[in-house]
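What follows is a short report on a single structure.
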Amino acid sequence: MRIVVIGGSGHVGTFLIPRLVRAGHDVVSISRGQRSSYVDDPAWQQVRRVTADRAAEDREGAFGDRVAGLRPDVVIDLICFTLDSATALVERLRGETGHLLHCGSIWRAGPSRRAPITEDDATPPVGEYGIAKAAIAQMLRDETRSGGLVTTSLHPGHIVGPGWHPIGPLGNNDPTVWHKLSAGQPIDVPGIGAEFMHHVHADDVAQAFEAAVDHRDAAAAEDFTVVAPSALNVRGYAEIGASWFGQTAELRTVTWDEFRRGTDDEAAQVSWEHLVRNHCFSIDKARRLLGYAPRYQPDAAALESVRWLIEHDQLDVANPLKV
């Protein structure tokens, strides 16, 4: 099949596109620039690359024509963030493309009230990003169930892997937490540190998209949460992270006001956005319908990110990894 991947040079595309090539598909990657993938793979030599500014072409009403003009059997959309953009693509591909897959987010679910959260019992989303992702998923379900374009939405957790900073134990991307953990220095934790974050390795997300392509009928009109088999809470994540450097985490409980006073404003807000949701999800549906079988537990996925950053001199730590 010819598969067009929109946003193919990003985190998920880095692993997804080589998977699709090795499966024998004719793959086209659409991205805004010619940036290399995060991980080298010879499969990229068989990929046709198309440069396009989606936001600009959406404003001109031309992006759907660009995608349709590639005559895809399947379209995988990894970088759609607004309902208008998603709707325009659906309307252009209806009747011409066999399957549209959308990359959503676990933030389409609001703060948890039970764990694990399933696709059917999530609370309403909060915040512009989560609300938009939930609206897109609903539109896609309605489209397929009404007899239109066959669609599927997959909702990854906090994506980690080689090449970028993971969401850390405090729920933000501030790299100083890794220096403190590696040095055995104290870390201020807002609240009691029991809030969960649900990570997922980028290759496990790629696996889920490949499985949804292979199981089109089972995936039609469905949405799937795509995360690691377990979730980490703040304290557990910090303790495991410190152990990578042969240290014991020293965690000091503080109020959120105290935490904000001692933390960069943006980083503190990112922490709040992650931890207030307190997310821990079930992957039973993806396992049952798609055969999803994630290879990475969340700590192993995060360790791979941290190791890559250290090896490429992009993370300052006080002591070397012991694992």
The range 49-131, Cα convex hull volume normalised per residue, Å³: 118
Carbon plus sulfur fraction of accessible area for the range 110-155, probe 1.4 Å, in percent: 52
Top positive-direction residue, dipole computed over the chain with Cβ charges, set Ile131, Ala318, Thr87: Thr87
Net charge dipole size for the chain [Lys, Arg +1 and Asp, Glu -1 on Cβ; Debye, nearest 20]: 500
Calculated diffusion of the range 30-79, Stokes-Einstein form, Kirkwood radius summed over Cα pairs, 20 °C and 1.002 mPa s, µm²/s: 173
Within the range 90-207: Cβ-based charge dipole about Cα centre, in debye rounded to nearest 20 (Lys, Arg +1; Asp, Glu -1): 100
Whole-number accessible area per residue in Å² for the range 123-200, which is evaluated in the context of all protein chains at 1.4 Å: 33
Ser230/Ala23 FRET efficiency (R0 25 Å; Cβ-Cβ; nearest 0.05): 0.30
Kirkwood-type radius of the chain, with distances r between different C-alpha atoms, in Å: 20.4
Mean shadow area of the range 154-199, taken as a quarter of the surface of its Cα convex hull (nm²): 4.1
Charge dipole magnitude, Cβ of K and R +1, D and E -1 - the range 203-288, Cα centre, debye nearest 20: 320
The chain - mean residue ellipticity at 222 nm from DSSP helices (-39,500 (n - 2.57) per run, n ≥ 4, rounded to 500): -12000 deg cm²/dmol
Heavy-atom surface of the range 269-323, accessible at 1.4 Å and reported per residue (Å²): 50
For the range 142-301, alpha-carbon Rg over 2.2 N^0.38 Å: 1.19
Net charge over other residues, Cβ less than 9 angstrom from the Cβ of Leu251 (K, R count +1; D, E count -1): -1
Pair Ile131, Ile310: separation of 7 Å Cα→Cβ label points (nm): 4.2
Relative contact order (percent, whole number), the chain, Cα cutoff 8 Å, 6+ residue spacing: 19
Three principal axis lengths of the range 9-50 [C-alpha, angstrom, descending]: 25, 19, 15
Accessible area per residue in Å² at 1.4 Å probe, computed on the range 204-267: 43
Within the accessible area of the range 194-323 (1.4 Å probe), percent carbon and sulfur: 44
Beta bridges by DSSP in the chain, antiparallel share as percent, to the nearest 5: 5
Integer Hz, Karplus 6.51/-1.76/1.60 couplings in order for the range 106-112, x for Gly and Pro: 5, 6, 5, 9, x, x, 6
In nm, spacing of pseudo-spin labels at Asp65 and Arg287 (7 Å Cα→C-beta vector): 4.8
With 10 Å bins from 0: P(r) over the range 219-316, alpha-carbon pairs, percent: 12, 31, 36, 17, 4
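The values are calculated or read from the model by the stated rules, or taken from the named source; none is laboratory data. Here the structure is a predicted model, which means the values were calculated and not measured. Note: ideal-geometry Cβ built from the backbone for every residue, glycine included; neighbour counts use all protein chains shown. Areas reflect the complete protein model, heavy atoms only, side chains present, ligands, DNA and RNA absent. Shrake-Rupley method; radii C 1.70, N 1.55, O 1.52, S 1.80 Å.
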